[in-house]
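Worksheet: one structure, shown below.
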Amino acid sequence: MTNTETRAATDSFDSAEHQARLHELYRDFEAAGMTPLWLTREGLMPFHPQPKAVPHLWRWADLLPLAARSAELVPVGRGGERRAISLGNPGLAGDPYTTPTLWAAIQYLAPREDAPEHRHTQSAFRFVLEGEGVWTVVDGDPVAMRRGDLLLTPGWAFHGHQNVSDAPMAWLDGLDIPLVAKTDQGFFEFGPDQVRNRATPDRSASERLWGHNPTSGEDALTTMRTEFHRLAAAAATRRSRTSASSVWQVFDGTGSVRLNDEEHPLERGDIVAVPAWTEFSLTAETQLDLFTFSDAPVFEKLNLLRTEIS
């Protein structure tokens, strides 16, 4: 096409007659439930992930007192099922999700209290920062919860909690609720009003001490990866970013986290949301121990996972 022909085509496109016909076409597209790619490509196929979720830090010193207040006002029982308070990402307005695929919450069980049994297709785990005296019963098998324990609840396994002590206990819940919701795979079923096995053994019948599947070496949960990280005092990680999203909790020690261009101090119990493609690094002041979970297994299986390390 010559320059003259190009100018003529442009003039024709900008003409009132052409624009009126184009407007009519777009109106008819909308009525028919059609969307032209040439108007939406940048949003549908960005050059890199552009998550709506934002990096965010919750202070354990703020979370725990609020959870304790809820125990004074909100009973545990059928309907709500759990006294679990989710950590909603500020970038995901209207959704109680920590990232677009991960749900994190603080669950609080008062002394001598039971959380009734139920099951759901969402996979779940419990990570214990502090306390003891609670047993989670998974398909009839009581599992003790103590500081540093990671308890797995695979999808569709009946589970409930009982606190046999005179002290309350709080822990971190992690589930793939947003992923299951967005793919319309959610099922739920009530179980007994109390845990079916009230025994309190020191070790459960099926207790395992690893966070991967011992038969295959794969992740213990199909949709979430669970890891424990330790940094020596004064050590730092290299900056990295990945297309997976993750949630971190400080188990012990002090340090700092860099999220893109912002640095935040870290103390025991603090929780951090790291959305996809966020530049992330850690620096330890003292020895720094952290628990983390992510959606990496999902994107590995879909051949979508990307990671960059500076």
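Would a scan of the range 181-188 turn up a residue that is aromatic (Phe, Trp, Tyr), within 30 Å of ASP270 (Cα to Cα), touching a residue at least 40 places away in the same chain (Cβ under 8 Å) and surrounded by fewer than 22 Cβ atoms within 10 Å (Cβ to Cβ)? Write out each step before concluding.
Filtering the range 181-188 down to residues aromatic (Phe, Trp, Tyr) leaves 187-188.
With the extra rule that they be within 30 Å of ASP270 (Cα to Cα), the set shrinks to none.
No, every residue in the range 181-188 fails to be aromatic (Phe, Trp, Tyr), within 30 Å of ASP270 (Cα to Cα), touching a residue at least 40 places away in the same chain (Cβ under 8 Å) and surrounded by fewer than 22 Cβ atoms within 10 Å (Cβ to Cβ).
Would you check which residues across the range 253-283 are assigned to a strand (DSSP E or B) and among the hydrophobic types (A, V, I, L, M, F, W, C) and list them? Break it down stepwise before answering.
Pass one, the range 253-283, residues assigned to a strand (DSSP E or B): 255-259, 262-266, 271-274, 280-283.
Once the filter is applied, which keeps residues that are assigned to a strand (DSSP E or B) and among the hydrophobic types (A, V, I, L, M, F, W, C), the range 253-283 yields VAL257, LEU259, LEU266, ILE271, VAL272, ALA273, VAL274, PHE280, LEU282.
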Suppose we filter VAL138, VAL134 for residues that are over 15 Å from LEU172 (Cα atoms) and crowded, with 19+ Cβ neighbours inside 10 Å; which single one remains? VAL138
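Any residue that is in the same structural domain as ASP166 (by TED's automatic domain parsing), in a loop (DSSP other than H, G, I, E, B), in contact with a Gly (Cβ under 9 Å, 6 or more places away or on another chain) and closer than 16 Å to ARG198 by Cα - is there at least one of those in the range 113-136?
Taking the range 113-136 as the starting set, the residues that turn out to be in the same structural domain as ASP166 (by TED's automatic domain parsing) are 113-136.
The next check asks that each one be in a loop (DSSP other than H, G, I, E, B); those that pass are 113, 121-123, 128-133.
From the residues that got through so far, the ones that are in contact with a Gly (Cβ under 9 Å, 6 or more places away or on another chain) too are 121-123, 128-130.
So of that shortlist, the ones also closer than 16 Å to ARG198 by Cα come out as none.
The answer is no, given that none of the residues of the range 113-136 is in the same structural domain as ASP166 (by TED's automatic domain parsing), in a loop (DSSP other than H, G, I, E, B), in contact with a Gly (Cβ under 9 Å, 6 or more places away or on another chain) and closer than 16 Å to ARG198 by Cα.
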Within the range 2-44, residues within 30 Å of THR278 (Cα to Cα) and either at pLDDT 95 or above or assigned to a helix (DSSP H, G or I) (or both) come out as LEU37, TRP38, LEU39, ARG41, GLU42, GLY43, LEU44
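How many of the residues making up the range 103-131 are over 22 Å from ARG225 (Cβ atoms) and either of a type in the set (Phe, Trp, Tyr) or buried (at least 22 other Cβ atoms within 10 Å of the Cβ) (or both)?
Residues of the range 103-131 over 22 Å from ARG225 (Cβ atoms): 108-119, 130-131.
This time we only want the ones that are either of a type in the set (Phe, Trp, Tyr) or buried (at least 22 other Cβ atoms within 10 Å of the Cβ) (or both), so: 108-109, 115, 117.
Of the residues in that region, 4 qualify.
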Cβ-Cβ below 9 Å, separation at least six or inter-chain, first residue in the range 286-310 and at pLDDT below 95, second outside any strand (DSSP E or B): which pairs? SER310/ARG238; SER310/ARG239; SER310/GLU279
Residue by residue through the range 85-96, note down the ones that are touching a helix residue (DSSP H, G or I) at 6+ places or on another chain (Cβ under 8 Å) and farther than 18 Å from TRP60 by Cα. ASP95
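Does the range 229-243 include one or more residues that are of a type in the set (D, E, K, R) and closer than 30 Å to THR121 by Cβ?
Taking the range 229-243 and keeping what is of a type in the set (D, E, K, R), we get 230, 238-239, 241.
Applying the additional criterion that residues be closer than 30 Å to THR121 by Cβ yields none.
No, the range 229-243 contains no residue that is of a type in the set (D, E, K, R) and closer than 30 Å to THR121 by Cβ.
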For the range 214-262, enumerate the residues that are without any contact (Cβ under 8 Å) to a residue 24 or more places away in the chain and hydroxyl-bearing (Ser, Thr, Tyr). THR215, SER216
Under 18 Å from SER246 (Cβ atoms) and either modelled with pLDDT under 95 or of a type outside the set (S, T, N, Q) (or both): is that true of TYR108 in this structure? no
Can you give me the number of residues within the range 153-192 that are within 26 Å of GLU207 (Cβ to Cβ) and of a type in the set (D, E, K, R)? 4
Which condition breaks for PRO265 when tested against (1) in contact (Cβ under 8 Å) with a residue 24 or more places away in the chain; (2) more than 26 Å from THR153 (Cβ to Cβ)? (1)
Hey, any hits in the range 213-220 for a residue that's at pLDDT 95 or above and among the acidic types (Asp, Glu)? no
Please give the number of the condition ASP193 fails out of (1) in contact with a Leu (Cβ under 8 Å, 6 or more places away or on another chain); (2) in a loop (DSSP other than H, G, I, E, B). (1)
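Can you name the residue in the range 71-102 that is among the hydrophobic types (A, V, I, L, M, F, W, C) and part of a loop (DSSP other than H, G, I, E, B) and, of all such residues, is surrounded by the most Cβ atoms within 10 Å (Cβ to Cβ)? Outline the logic, then answer.
To start, the set of residues in the range 71-102 that are among the hydrophobic types (A, V, I, L, M, F, W, C) comprises 71, 73-74, 76, 84-85, 87, 92-93, 102.
Those still in the list that are part of a loop (DSSP other than H, G, I, E, B) too: 74, 76, 87, 92-93, 102.
Working: VAL74: 12, VAL76: 21, LEU87: 21, LEU92: 19, ALA93: 8, LEU102: 28.
Across the range 71-102, the extreme among qualifying residues is LEU102.
The values are calculated or read from the model by the stated rules, or taken from the named source; none is laboratory data. All of these numbers come straight from a predicted model, not from anything done at the bench. Quick reminder, even Gly has a Cβ in these numbers, built from the backbone with ideal geometry, and neighbours come from all protein chains shown.
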